[in-house]
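Read through the structure below, which is laid out as structure tokens, and then see the notes.
The values are calculated or read from the model by the stated rules, or taken from the named source; none is laboratory data. Every value quoted in this text rests on a predicted model; they were computed, and no experiment measured them. Note that each Cβ is placed from the backbone with ideal geometry, even for glycine, and that neighbours are counted across all protein chains shown.
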Amino acid sequence: MQTGRKYLTSSPYTFNRKVFGLLGYLAAGLNYYFGPRNGPLTIGASLAGAYLRTTPSVQAADVQLHFLPFMPAENGRELAEESGFRLGMYLCRPLSRGHVRITSPDPRDNPHIIFNHLEREEDRVGLIEGMKMAKKIADAMPVKKLNIRETEPGPRGDTDEGLLEYIRASADTAFHFCGTARMGQDDMAVVDPQLRVRGMQGLRVIDASVMPTQASANINPAVLMIGEKGADLVRQAPAN
């Protein structure tokens with residue numbers, strides 16, 4: 001689950017100023033395919049990040065902060081017209097649990113999905129404290145020089161109640177799904193330690209769904225390792 005703070009700025013270096021509109025998109029594309037291959041299309045969305053502990057009592061970092069050098073539009077898929085940036089924040093190891101249940105024997109029918117975000121008090125507190133940390137970072141920037149002004153959550157983010165209200169209304173998934181066919185040796189595990197689907201012959205699952213627990217960071221490196229290990233297992237015993 002992710003949330004974050006949004007800021008407007010007079011900086012001319014945000015993607016909202018460097019790459020905006022049809023001409024900006026076209027220039028970025030031409031630069032990538034025919035030019036020196038630098039600029040916005042050669043970098044990830046987040047240019048900086050940090051792992052932080054929201055309280056000294058936790059043993060390891062429990063939130064991930066990341067800096068987006070642009071202000072997304074309301075639909076989340078385009079750039080806003082104004083120059084801005086976003087300080088996003090994830091919970092590394094949320095405790096809330098939802099479910100996915102089939103609704104009929106027809107595989108074409110959509111399942112019933114309940115994310116159940118914010119079920120646990122620990123998750124609510126972690127997100128609130130992470131948002132406070134993001135604000136401290138933004139307040140340490142050259143606010144006057146760059147005319148930095150927070151737009152979301154704005155004044156309602158000055159209290160825990162306001163922050164929680166904002167999180168409930170605006171937070172969404174982080175698109176790093178995993179663990180829906182987890183590996184294990186118990187009766188609830190979908191695949192065994194060799195990634196073979198339990199109760200079936202000749203079928204393995206080799207992707208992020210086999211992860212028994214959620215990684216604290218973005219899952220890409222772990223998924224690559226699962227793919228490499230799965231390929232080795234298939235080569236060693238292709239018939240199993």
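Condition first: small (Gly, Ala, Ser), loosely packed, with under 15 Cβ neighbours inside 10 Å and either touching a residue at least 60 places away in the same chain (Cβ under 8 Å) or on the phi < 0 side of the Ramachandran plot (or both). Now tell me which residues in the range 2-28 satisfy that. Hit for the range 2-28 is SER10, nothing else.
Just checking, does the range 165-186 include any residue being of a type in the set (Ser, Thr, Tyr) and crowded, with 17+ Cβ neighbours inside 10 Å? Show your work before the answer.
Let us first name the residues in the range 165-186 that are of a type in the set (Ser, Thr, Tyr), namely 166, 170, 173, 180.
Then keep just the ones that are crowded, with 17+ Cβ neighbours inside 10 Å; that gives 166.
Yes, there is a match, as at least one residue in the range 165-186 is of a type in the set (Ser, Thr, Tyr) and crowded, with 17+ Cβ neighbours inside 10 Å.
Among the listed residues SER57, SER96, which satisfies the condition of being at pLDDT below 90 and under 24 Å from VAL125 (Cβ atoms)?
SER57
Based on this model, can you work out whether THR103 counts as loosely packed, with under 11 Cβ neighbours inside 10 Å, in contact with a His (Cβ under 7 Å, 6 or more places away or on another chain) and outside the structural domain of ALA215 (by TED's automatic domain parsing)? Walk me through how you get there before you give the answer.
Working: loosely packed, with under 11 Cβ neighbours inside 10 Å: yes; in contact with a His (Cβ under 7 Å, 6 or more places away or on another chain): yes; outside the structural domain of ALA215 (by TED's automatic domain parsing): yes.
Answer is yes for this residue.
Each row is one residue, and each column tells you yes or no for (1) under 15 Å from the mean Cα position of the chain (by Cα); (2) under 17 Å from ALA134 (Cα atoms).
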site: TYR33; (1), (2): no, no
site: THR42; (1), (2): no, no
site: TYR51; (1), (2): yes, yes
site: GLN59; (1), (2): no, no
site: PHE67; (1), (2): yes, yes
site: MET71; (1), (2): no, yes
site: LEU79; (1), (2): no, no
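Among the conditions (1) touching a strand residue (DSSP E or B) at 6+ places or on another chain (Cβ under 8 Å); (2) at pLDDT 85 or above, SER46 misses just one, which is (2). Filtering the range 88-103 to residues that are of a type outside the set (Phe, Trp, Tyr) and either in a loop (DSSP other than H, G, I, E, B) or under 25 Å from PRO72 (Cβ atoms) (or both) leaves GLY88, MET89, LEU91, CYS92, ARG93, PRO94, LEU95, SER96, ARG97, GLY98, ILE102, THR103. Against the conditions (1) touching an Asp or Glu at 6+ places or on another chain (Cβ under 7 Å); (2) farther than 17 Å from THR173 by Cβ, ALA61 satisfies every one except (1). Of all residues in the range 187-217, those satisfying the criterion of being of a type in the set (Gly, Ala, Ser) and surrounded by 13 or more Cβ atoms within 10 Å (Cβ to Cβ) are ALA189, ALA208, SER209, ALA215, SER216, ALA217.
Inspect the range 39-50 for any residue being within 15 Å of THR14 (Cα to Cα), hydrophobic (A, V, I, L, M, F, W, C) and surrounded by 15 or more Cβ atoms within 10 Å (Cβ to Cβ) and give the result as yes or no. Scanning the range 39-50, I find no residue that is within 15 Å of THR14 (Cα to Cα), hydrophobic (A, V, I, L, M, F, W, C) and surrounded by 15 or more Cβ atoms within 10 Å (Cβ to Cβ), so the answer is no. When the range 62-97 is limited to residues that are of a type in the set (A, V, I, L, M, F, W, C) and touching a Pro at 6+ places or on another chain (Cβ under 8 Å), the one that is surrounded by the most Cβ atoms within 10 Å (Cβ to Cβ) turns out to be PHE85.
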